[in-house]
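One structure below.
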Amino acid sequence: MTVTAPPRPPRSSDPVDRQEVEALVEALIEEARQRARRRRRIRMAAVACVVLVGATLFAVFERTAESQNSSRALTARSGIAGGKVKVVIAGTNDKYDVRGGSLAGTGTFQASGAVTDTGKALAYRTVGSQGSLITLRYLTKGKKGTITYLVKIDTKAGTSRWTIASGSGAYKGLHGKGSETENAAYTVSVLRGTVSR
């Protein structure tokens with residue numbers, strides 16, 4: 001960038017000729033243009049800095065928000081550290097003649113302890129050919145997710161044990177096992193045991 005100095009101003013005693021005046025005016029106009037260009041460059045640099053800072057702040061806050069959301073989801077999912085659990089399932093024994101794995105009935109469940117939730121329960125029943133092994137599959141749908149409990153009842157040995165077959169939502173990856181008892185009318189099942197991640 002070259003800066004041209006304006007011609008020296010005429011002395012009051014010198015005669016002013018038209019070319020000198022025009023050259024002086026041209027030099028002043030050029031100097032004004034250069035100053036305007038400098039101001040524009042400075043303003044553009046300032047705007048670019050503001051945009052860059054804004055974009056950086058947006059990215060940082062967006063990443064922080066995503067991190068907090070994923071932390072909440074992880075906390076909700078891993079909020080079940082493990083421990084004792086009791087699940088009461090009622091009203092799922094609507095169809096007594098179901099033996100081949102079909103829907104035996106719908107009812108409700110209430111879980112307390114390490115798992116705390118309530119909601120709808122579906123029961124599917126399979127009875128072995130000898131009649132001594134009954135398999136109940138309870139699908140519970142609560143506010144935090146679903147858990148499928150698999151109950152194996154051995155009528156000859158008199159044992160009834162349950163495990164968690166699967167889970168979703170907050171219960172994804174949850175494991176558990178325990179024993180199952182029923183009331184005399186087989187209308188209420190109570191699962192007691194432990195769960196863990």
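Below is a table of values for the structure above.
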item	result
Ascending count of other beta-carbon atoms within 10 Å, so fewest first, for S132, S189	S132, S189
Global form of the range 82-196, assessed from the alpha-carbon gyration tensor, a/c cut-off 1.5	prolate
Per-residue Cβ neighbour rank within 10 angstrom, fewest leading, E31, E62, E180	E62, E31, E180
Ranking of L150, L139 by count of other Cβ atoms within 10 Å, fewest first	L150, L139
FRET efficiency for Q130 and R192, using Cβ-Cβ distance with R0 set to 30 Å, rounded to 0.05	0.65
Added length on full extension, which subtracts the Cα-Cα distance from 0.36 nm per residue, R39 to E22	3.5 nm
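Read the figures in this text as sums done on the coordinates, not as results from a lab. Values in this document were obtained by computation on a predicted structure and should not be read as measured data. We place every Cβ from the backbone using ideal geometry, glycine too, and count neighbours over all the protein chains shown.
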